[in-house]
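Every read-out reported here was derived from the displayed coordinates using simple, explicitly stated rules and does not represent laboratory data. Note that this is a predicted model, so its numbers are computed, not measured. Note that we place each Cβ from the backbone using ideal geometry, even for glycine, and neighbour counts take in every protein chain shown.
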Amino acid sequence: MDWQLATVTAIRPETPRVKTFTLSLPQFTSHRAGQHYDLRLTAPDGYQAERSYSVASPPEQTGEIELTVELIDEGEVSGYLFDGVAVGDQLEVRGPIGGYFVWPAGPPEAPLLLVAGGSGVVPLMAMLRHRQRAGLRNPAVLLFSVRMPEEVIYRQELEGLAAADSSFTLLLSYTRQAPPGWAGYHRRLDAEMLVEAVAHLPVPPQCYVCGPTGLVESAATLLQAQGLPDAAIRTERFGPTGN
Amino acid sequence: MPFVNKGFHAKRPTEGGHKLPPGQYETRDFPVLTAGPTPRIPLVNWEFRLEGLVESPAKWSWNEFNALPMQSFNPDIHCVTKWSKFDTKWRGVSLDTLLEHVQLKPEAQFVMAFSYGGYTTNLPLADLRGGQAFIGLEYEGKPLVPEHGGPARLVVPHLYFWKSAKWVQGLRFMADDEPGFWEDNGYSMRGDPWKEERYRSDDPDAPDEAHFRL
């Protein structure tokens, strides 16, 4: 798996602190939804920094990948991507990488529960986009926890998907500030929320949980407590590190 | 001419004379990375085993294990997800101490570490000897918490940290190298951060055009 020089063909703001970079790849290898790429920056003095970014685009979108990047405070790589990179620039990447946090990992008709915190939604979006592009209609729920309305990455697309596809349910939860008139969840992820999310699905689902450590730990433990087997709960930590 | 990102430069110099392996950055946090839910292991049920290619297997209860001679370790650790953390403070039992309790068969060359919760990772036996590896029971002066692999985790700081199996239950000695959990999912068989052996295709013996299950 060699490094290759991708060309930035589009940069799309998703939220005030999140941008999606479309990279055209000279050597495109079809990825699985949930996989990531490594990105490497090289300074003139030879210093190199690498980070991993989940692919947001589905494998059906060939020849290019979309990486959705959150700006991290003091972030060496995200800071450069936000301020130093324009359409037409080149970036070194290699991938796709990661064989466990991928969907489908079993029968694609099995119900799917996706739980995201913040930018943890990115690999889950690749799964939803793949599901849609492949014409799969397995029952699916995305429980997406954000602090406030302007932080909902892919909002339009997710709401459109939920409106057009009755087998997909979008459950948003705002932990700090909800939009005016909001009747949905307005709290941190808890046991009741996960019970309700699972209840939207006909049989116990395959679960993918991605977000900051606290959310992932708590969601995985609560799903376990509902009797879901460990093998049905796949987790990935994302975003600024904590603990 | 090697590729350069114009205008890019290091934001933070590395402090205190520590060296970062290629592609790594320093973090002050201790990030948590696992593939599934965190197992909770009651200490009364906990045991640690050495098995496989040994003349007779060894087994310790929690109390027996804690009665073994302990040492302090202050390694720099390196995660394949790119973070490194300097001067981590551990207490635990050296693998050299544990290996005194078994007689290895001569063909034993590799080890599969196995964990509560089903995690496995493979290592060359040579990477566990000579003061290079230990079973960590305390971190920063406190019992190791489950999120970081408690009650006990393998710590092999000179390899990427996924080799340092959390919730470790035992070691199985083998004649041939076999992939563990992440290795079976495309990661390096040895994982030397200084050679940047992150993925199977980075391994010196990786076939040129092999298609791994990445």
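Of all DSSP-defined beta bridges confined to chain A, some 55% are antiparallel rather than parallel.
By average Cβ neighbour count within 10 Å, what is the ranking of A:224-234, A:136-146, A:180-190 from highest down?
Most protected by this proxy first, the peptides run A:136-146, A:224-234, A:180-190.
As a quick test, which of the pairs B:Lys59/B:Lys142; B:Lys11/B:Lys85; B:Lys105/B:Lys166; B:Lys6/B:Lys85; A:Lys19/B:Lys85; B:Lys89/B:Lys142 have an alpha carbon distance above 21 angstrom in this structure? Result: B:Lys59/B:Lys142; B:Lys105/B:Lys166; B:Lys6/B:Lys85; A:Lys19/B:Lys85 exceed 21 Å. The label-point distance for A:Ala225 and A:Glu74, in a model that sets each label 7 Å from Cα toward Cβ, rounds to 3.5 nm.
Once you keep just the Cα pairs under 8 angstrom separated by 6 or more residues, what percentage relative contact order results for chain B? Before the final figure, lay out each step's value.
Details: 430 pairs, mean separation 44.1, N = 214.
Over chain B, the number comes to 21 percent.
Using only DSSP helix segments of four residues or longer, with each worth -39500 (n - 2.57), what per-residue ellipticity at 222 nm results for chain B after dividing by its residue count and rounding to 500? Could you put the intermediate results ahead of the total?
Numbers: 3 runs with 14 residues, N = 214.
That calculation yields -1000 deg cm²/dmol at 222 nm.
When the P(r) of chain A is calculated, the portion above 31 Å amounts to 21% of the C-alpha pairs. Putting +1 on Lys and Arg Cβ atoms and -1 on Asp and Glu Cβ atoms, find which of A:Tyr47, A:Tyr154, B:Val54 reaches farthest to the positive end of the dipole of the protein assembly as shown. Of A:Tyr47, A:Tyr154, B:Val54, it is A:Tyr154.
For the protein assembly as shown, a Kirkwood radius taken over Cα pairs fed into Stokes-Einstein (37 °C, viscosity 0.692 mPa s) yields D = 141 µm²/s.
In the range B:11-64, which trypsin sites (Lys or Arg not before Pro) fall in coil by DSSP and have 10 or fewer other Cβ atoms within 10 Å? Please list the in-between numbers first.
Values: sites: B:Lys11, B:Lys19, B:Arg28, B:Arg40, B:Arg49, B:Lys59; in loops: B:Lys11, B:Lys19, B:Arg28, B:Arg40.
Here the trypsin sites (Lys or Arg not before Pro) that fit, given the DSSP loop and packing criteria, are B:Lys19, B:Arg28.
Given a Förster distance of 30 Å, report the FRET efficiency between A:Gln90 and A:Glu159 from their Cβ-Cβ distance, rounded to the nearest 0.05. Mind dumping the intermediate values first?
Numbers: r = 34 Å, r/R0 = 1.15.
Efficiency, rounded to the nearest 0.05: 0.30.
The alpha-carbon atoms of the range B:130-214, seen along their principal axes, cover 47, 27, 25 angstrom, with the largest extent given first. Using the Kirkwood radius over C-alpha pairs as Rh, can you work out the diffusion coefficient of the range A:151-215 via Stokes-Einstein at 37 °C, viscosity 0.692 mPa s, in µm² per second? For the chosen part, D equals 241 µm²/s.
Please state the relative contact order of chain A as a whole percent: Cα pairs under 8 Å, 6+ residues apart?
On the way: 505 pairs, mean separation 45.4, N = 243.
Relative CO of chain A lands at 19 percent.
If you average 1/r over every pair of different alpha-carbon atoms in the range A:2-68 and take one over that average, what Kirkwood value in Å do you get?
12.8 Å
Within a 10 angstrom radius of the beta carbon, how do A:Trp103, B:Trp60, A:Trp3 rank from fewest other beta carbons to most?
A:Trp3, B:Trp60, A:Trp103
Against the compact-protein benchmark of 2.2 N^0.38 Å, the Cα-based radius of gyration of the range B:57-176 scales to 1.00.
So, in Å, what gap is there between the alpha-carbon centers of the range A:124-152 and the range B:169-202? Cα centres, the range A:124-152 to the range B:169-202: 33 Å.
Other residues within the sphere of radius under 15 Å centred on the Cβ of A:Ala6, judged by their own Cβ, net out at -4 (K and R +1, D and E -1). The stretch between A:Ala191 and A:Asp45 holds 47.4 nm of extra length on full extension. This uses 0.36 nm per residue minus the Cα-Cα distance. Convex hull volume of the Cα atoms of the range A:1-138, normalised per residue: 114 Å³. Note on chain A: helix-only mean residue ellipticity at 222 nm, from DSSP H runs of 4+ residues weighted -39500 (n - 2.57) and normalised by residue number, equals -6500 deg cm²/dmol. Percent of Cα pairs in the range B:54-102 per distance bin of 5 Å, from zero to the largest separation: 5, 16, 20, 18, 14, 13, 11, 3. Within the range B:80-144, the trypsin sites (Lys or Arg not before Pro) that combine a DSSP coil assignment with at most 14 other C-beta atoms in a 10 angstrom radius are B:Lys89, B:Arg129.
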